[in-house]
Amino acid sequence: MIIAILGILAGILIGLYLPYEFSTISSLYISVGILAAIDSILGALRASLEDKFDAVIFFSGFIVNALLAISLSYLGDKLGVPIYYAAIFVFGTRLFNNIGSIRRYTIDKYRGKI
């Protein structure tokens, strides 16, 4: 768990001190990929709290989800169809479900139910 936190902090620091600007065209793909990555991170946190975390599942899901979201966005852009809305909807829904589960677990643990 501490390694994950250190990795997140390192990523934030690198992003702050080595800024890179993306073109307007690629910003859509990057934002959908980031949404997929955040979903994977929150899913890993949830699995960790439930003692079900598996690093292989996390890393494969992290990479596959981000690549799939970016690929669908690119394909939709080339076809003129906003397919990225589907990725935003799915990952956004999962993100809120994971946050809700983490919140409930934390509250139950605080109350002594776990």
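Numbers at a glance
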quantity: Any hit, the range 29-40, residues being within 30 Å of Asp108 (Cα to Cα), of a type in the set (Ser, Thr, Tyr) and in contact with a helix residue (DSSP H, G or I) (Cβ under 8 Å, 6 or more places away or on another chain); calculated: yes
quantity: Lone unmet requirement of (1) modelled with pLDDT of 90 or more; (2) of a type in the set (D, E, K, R); (3) closer than 18 Å to Ser26 by Cα for Asp77; calculated: (1)
quantity: Search result, residues across the range 79-98 that are under 16 Å from Leu68 (Cβ atoms) and among the aromatic types (Phe, Trp, Tyr); calculated: Tyr84, Tyr85, Phe89, Phe91
quantity: Filter result (among the acidic types (Asp, Glu) and within 17 Å of the chain's Cα centre (by Cα)) within the range 11-60; calculated: Asp39, Asp54
quantity: Residue count for the range 69-114, restricted to those that are within 19 Å of Gly33 (Cα to Cα) and either of a type in the set (Phe, Trp, Tyr) or in contact with a strand residue (DSSP E or B) (Cβ under 9 Å, 6 or more places away or on another chain) (or both); calculated: 6
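The values are calculated or read from the model by the stated rules, or taken from the named source; none is laboratory data. No experiment lies behind these values; they were computed from the predicted model shown. With ideal geometry, Cβ positions are generated from the backbone for all residues, glycine too; neighbour counts draw on all protein chains shown.
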